[in-house]
Every structure is written in structure tokens, then in C-alpha cells.
1. Within segment 1-30, can you find the residues that are more than 10 Å from the chain's Cα centre (by Cα), of a type in the set (Val, Ile, Thr) and at pLDDT below 85?
2. Can you name the number of the only condition in (1) modelled with pLDDT of 90 or more; (2) surrounded by fewer than 19 Cβ atoms within 10 Å (Cβ to Cβ) that Ala33 fails?
Amino acid sequence: MNTSDRISARQIQLIQGAAKLLIDTLYLSKEDALGIITHSLKEELKASGVTFEYLELGSISNRQAFVRKLVYRVQKKLEEVGNISRDKINLAIEAFVKMFHESWRNVDK
């Protein structure tokens, strides 16, 4: 994200919601969970060359593609932690995907 990008209250809620899932499912600290989410999000926004605002206004297929890539980044970061079982990571990832898809489904209404 560029420093000129503004983060909306909704985007902050999404980031906090995703972090809460990691905290509740994987027992990560708040700092670790937020770090994983924000780092992965920044990396994917930069790699995709888009902004969160573009995704919110874009097509469902663009959002789904972005979520898949973001989830992959988060999963890799969680695997790097090293002390989290694959089953726990999969459970957290499923909840993470569901939360993002539900949040963007509401944008279309």
C-alpha cells in the first residue's frame, strides 16, 4: 500500500477480524497475528498492483483471485512460524477465506 492510500473503517475491521481468527484458532499473539495479516496484505496488494478500493469496486472474480493469493501468502507465513500443526493452519485458513468472501459479498448488495 502506498502511504497515500487511505484505509477505511471497513478495511480495518477486515484486518482485525482476520487477526482475531488467527488469535482464536492458532493462539497467536495479537501482534503476531496483525503482523502476518498486514504483511501478507501489503505484499499481495503490491504484487497485484491494485488497491483495496479497486478490489471493493471491482468484479467478484477479481476479489476471489486476490483472496486466493492473499490466503496463500498468509498460509506460507503461518508455516514459517514452525510450531503450528498443518490441521490448525487449514482450520484457520478456511475461516479466513470464509470471512473475506462474506465481507465482500455484502459490498455487492
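The values are calculated or read from the model by the stated rules, or taken from the named source; none is laboratory data. Since the model is a prediction, treat every value here as computed from it, not as a measurement. A quick note on method: Cβ atoms are made from the backbone with ideal geometry, for glycine too, and the neighbour counts reach across all protein chains shown.
1. Thr3, Ile7, Ile12
2. Ala33 satisfies all of (1) modelled with pLDDT of 90 or more; (2) surrounded by fewer than 19 Cβ atoms within 10 Å (Cβ to Cβ) except (2).
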